[in-house]
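Taking it in order: structure first as structure tokens, then the write-up.
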Amino acid sequence: MKIVSVAISKKKGTRKTCVAEVNLIKDHGIEGDAHAGPWHRQVSFLANESIEKARQTGLNVSFGDFAENIATEGIDWTTMGVGTRLKLGDVALVEITQIGKECHQKCAIYYQAGDCIMPREGIFARVLEGGAIQSGDPICLVHIESEG
């Protein structure tokens, strides 16, 4: 299980831009990202396998296009529940707080594809311990809460 992409955006409701490294800040989120702040959806995750599945339907999408902060490889997010904790890189620690989301506005991906996978397959977390992370860093399960 590993990180394959990290991305940020300055404004909410837009695609994120991939960067080499991000800094997670405890109880805040990713430094410089529009979604950071004192709430439960500080960091968003999406499986690379989900992005690849969207590509196979004909979508021209890449990392950050679904507004995910962190794209992962080798994790089946559907088997994890709220409360699951994961270590990212050497020191960062996050806890899953929400699975999926309600879209209040249709995003650019929705208009391009007629659908967006983030409401069904996106995962959201809060930062318990900060630290720098980058593509290629390992992800370790610290505590698992099963879904259902």
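Every number here is computed from the coordinates shown, using simple stated rules; none is lab data. Quick caveat: nothing in here was measured; it's all calculated off a predicted structure. Glycine gets a Cβ as well: all are built from the backbone with ideal geometry, and neighbour counts include every protein chain shown.
Summing Lys, Arg as +1 and Asp, Glu as -1, what charge do residues with Cβ under 11 Å from the Cβ of Glu49 carry, Glu49 excluded? Summing Lys/Arg as +1 and Asp/Glu as -1 gives -2. For region 68-91 and region 2-52, what is the centre-to-centre distance using only Cα atoms, to the nearest Å? If you average the Cα positions of each part, the centres end up 13 Å apart. Computed per residue of the chain from DSSP H runs no shorter than four, each worth -39500 (n - 2.57), the mean residue ellipticity at 222 nm is -3000 deg cm²/dmol.
I want the antiparallel fraction of DSSP beta bridges within the chain, as a percent rounded to 5.
So the antiparallel bridges amount to about 90 percent of the total.
An ellipsoid equivalent to the chain, defined through the eigenvalues of its Cα gyration tensor, has semi-axes of 22, 17, 15 Å when rounded to whole angstrom and sorted largest first.
Checking the cross-link pairs Lys53/Lys101; Lys26/Lys53; Lys2/Lys106 against a 26 Å limit on the alpha carbon distance flags Lys26/Lys53; Lys2/Lys106 as lying beyond it.
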